[in-house]
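The values are calculated or read from the model by the stated rules, or taken from the named source; none is laboratory data. Only a predicted model underlies this, so the values are computations on that prediction, with no experimental measurement involved. When we count neighbours, we look across all protein chains shown, and the Cβ atoms used for this are built from the backbone with ideal geometry, even at glycine.
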């Protein structure tokens, strides 16, 4: 299954609002988008608010965007992951 990085620009939100978004995302995925898998997210705080970078498995970009729309989440950019590497993949 393809994997994607989703950039979400939330703006100024509270921790409670972020939690509510995560709960909605899980519920909507379970009820309407059974092929989507939310692996994990990284959230950062900037002067303009919270930005998250989420890793998802999904059949295609359109499926990712449809899920975000149904869950009421921003979906500013969706990029398909071509390869994943880490330090163990390279010689010392």
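Of all residues being part of a helix (DSSP H, G or I) and in contact with a strand residue (DSSP E or B) (Cβ under 6 Å, 6 or more places away or on another chain) in region 44-79, which is surrounded by the fewest Cβ atoms within 10 Å (Cβ to Cβ)? Just the residue, please.
Looking at residues that are part of a helix (DSSP H, G or I) and in contact with a strand residue (DSSP E or B) (Cβ under 6 Å, 6 or more places away or on another chain), I get 61.
Select from region 29-42 the residues that are surrounded by 15 or more Cβ atoms within 10 Å (Cβ to Cβ) and part of a strand (DSSP E or B) and list them in ascending order.
Taking region 29-42 first, the residues surrounded by 15 or more Cβ atoms within 10 Å (Cβ to Cβ) are 29, 33, 36, 38, 41.
38, 41 - these are the residues of region 29-42 that are surrounded by 15 or more Cβ atoms within 10 Å (Cβ to Cβ) and part of a strand (DSSP E or B).
Here is a check on your reading of the model: is residue 26 more than 14 Å from the chain's Cα centre (by Cα), without any contact (Cβ under 8 Å) to a residue 60 or more places away in the chain and either surrounded by 12 or more Cβ atoms within 10 Å (Cβ to Cβ) or not in a loop (DSSP other than H, G, I, E, B) (or both)? Give the steps one after another, and end with the answer.
Working: more than 14 Å from the chain's Cα centre (by Cα): no; without any contact (Cβ under 8 Å) to a residue 60 or more places away in the chain: yes; either surrounded by 12 or more Cβ atoms within 10 Å (Cβ to Cβ) or not in a loop (DSSP other than H, G, I, E, B) (or both): yes.
Here the answer is no, as residue 26 does not meet what is asked.
Is there any pair with a first residue in region 69-80 that is at pLDDT 95 or above and a second that is in a loop (DSSP other than H, G, I, E, B) and surrounded by fewer than 16 Cβ atoms within 10 Å (Cβ to Cβ) whose Cβ atoms are under 7 Å apart and which are 6 or more apart or on different chains, and what are they?
80/2
Against the condition on the phi > 0 side of the Ramachandran plot and exposed (fewer than 15 other Cβ atoms within 10 Å of the Cβ), how does residue 86 come out, does it pass? Talk me through it step by step, then tell me what you get.
On the way: on the phi > 0 side of the Ramachandran plot: no; exposed (fewer than 15 other Cβ atoms within 10 Å of the Cβ): yes.
The answer is no for residue 86.
Can you tell me how many residues within region 1-23 are out of contact with any helix residue (DSSP H, G or I) (no Cβ under 8 Å at 6 or more places or on another chain), surrounded by 12 or more Cβ atoms within 10 Å (Cβ to Cβ) and either part of a strand (DSSP E or B) or in contact (Cβ under 8 Å) with a residue 60 or more places away in the chain (or both)?
Going through region 1-23 one residue at a time, the tally reaches 5.
Mind checking which pairs have a first residue in region 47-65 that is at positive phi and a second that is surrounded by fewer than 17 Cβ atoms within 10 Å (Cβ to Cβ), Cβ under 6 Å, 6 or more apart or different chains?
Pairs found: 49/11; 49/12.
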